[in-house]
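Data block below; observations after.
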Amino acid sequence: MDRTLFSRYELKYWLPARLVPEVRAHLRPFCRPDRFARFRAGNQYTIGSLYLDNPAFDLYRSTFEGHHNRFKLRIRAYDDDPSSPVFCEIKKRSNQVVRKRRAMVSRDVVARFLAGEAVETVSDDFREFVQAARRIGARPAIRVRYQREAYESRTGDPVRVTMDSAVMHVPTVSSSLAVGGPGWQTTPTEGLILEAKFTDRAPSWVTGMIRSLGLERTSIPKYALSLEEVMSLRGRGPWNGPRRAQM
């Protein structure tokens, strides 16, 4: 279980591909591949997310305008096995603190929810997700997937470091949660996305690594970047506004 999941700080950086070996070398004394990555090639696994937003793209707009208090709604899948569960997530940001509510739900329940049917709220986390989505009139907006190389602290501290690559997207109005299949387009990124997650203070080995690599912290919203790419190809922003999210 990711113990940084529920309330944490997140530091994000653009990472040039040439620096990946250095990051791995820095992490080796302090981290090990997480339990999902350690038995996979390259310590990587695929993450797919169906993002929800309303017709006015208010959740995107809150990122674009740099609101200090904002949230995202997404349904996360790790494969296309119809028997495997998916995860409904509300990711809330309040200034620098991120809080995530995450509910494991069957694909059948999610499909009925996205079809507008009444569903049993199998947990408090899922109930909050459903209520938030219905409150703003959220519907499927875009699917995003990427490869994650993930590490966790060797000492059991709630610290994770991830490197995300091969970010792709496909616009959708359907309830599909497919990670594979056709239609995926590249989301332009400036290298990989390095992210350090912790619940209190960044360990000195994290800050030392960032300093030695000369990285600068920035905001890297995969949802916003992917949506902007779709809209730029259509010659407009989501509401005929500027096309780039505030970093």
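Bear in mind that the values in this text are calculations on the coordinates, not laboratory data. Please read these numbers as outputs of a predicted model, since none were measured by experiment. FYI the Cβ positions are ideal-geometry reconstructions off the backbone, even for glycines, and counts take in every protein chain you see.
Some points to look at:
- Relative contact order of the stretch 7-233, defined on C-alpha pairs under 8 angstrom at six or more residues apart (%): 30 percent
- Within the set (i) 96, 39, 37; (ii) 50, 40, 35; (iii) 70, 32, 27, the number that Cα extents along the principal axes in Å takes when calculated for this structure is listed as (ii).
- Applied to the stretch 178-191, the Karplus parametrisation 6.51 cos²θ - 1.76 cosθ + 1.60 on θ = phi - 60° returns per-residue 3J(HN,Hα) values of 4, 8, x, x, x, x, 6, 10, 6, 8, x, 9, 8, x Hz, with x for Gly and Pro.
- For the pair Arg28 and Ser219 in one chain, pulling the backbone fully straight at 0.36 nm per residue adds 66.2 nm over the alpha carbon distance.
- Within the chain, helix-based [θ] at 222 nm, where runs of 4 or more DSSP H residues each add -39,500 (n - 2.57), nearest 500: -7000 deg cm²/dmol
- Phi angles of the stretch 113-118 translate, via the Karplus equation with coefficients 6.51, -1.76, 1.60 and θ = phi - 60°, into HN-Hα couplings of 4, 5, 7, x, 7, 6 Hz per residue; Gly and Pro are given as x.
- Once backbone amide H atoms are built at 1.01 Å from N, Asn54 has Leu59, Arg139 as its partners under 5 Å, excluding neighbours fewer than 5 places away on the same chain.
- Taking each residue as 0.36 nm, the span from Trp14 to Lys91 lengthens on full extension beyond its C-alpha to C-alpha distance by 25.6 nm.
- Count of lysine pairs in the chain with Cα separation under 14 Å (8 or more residues apart, or interchain): 11
- The phi torsions of the stretch 214-230, fed into the Karplus equation with coefficients 6.51, -1.76 and 1.60 and a -60° offset, translate into couplings of x, 8, 10, 5, 8, 8, 9, x, 4, 4, 5, 4, 5, 5, 5, 5, 4 Hz, rounded to whole numbers, with Gly and Pro shown as x.
- Once the chain from Asp157 to Arg112 is taken as fully extended at 0.36 nm per residue, the excess over their C-alpha distance is 12.4 nm.
- Charge tally in the Cβ shell below 12 Å around Ala138, where Lys, Arg are +1 and Asp, Glu are -1, Ala138 excluded: +3
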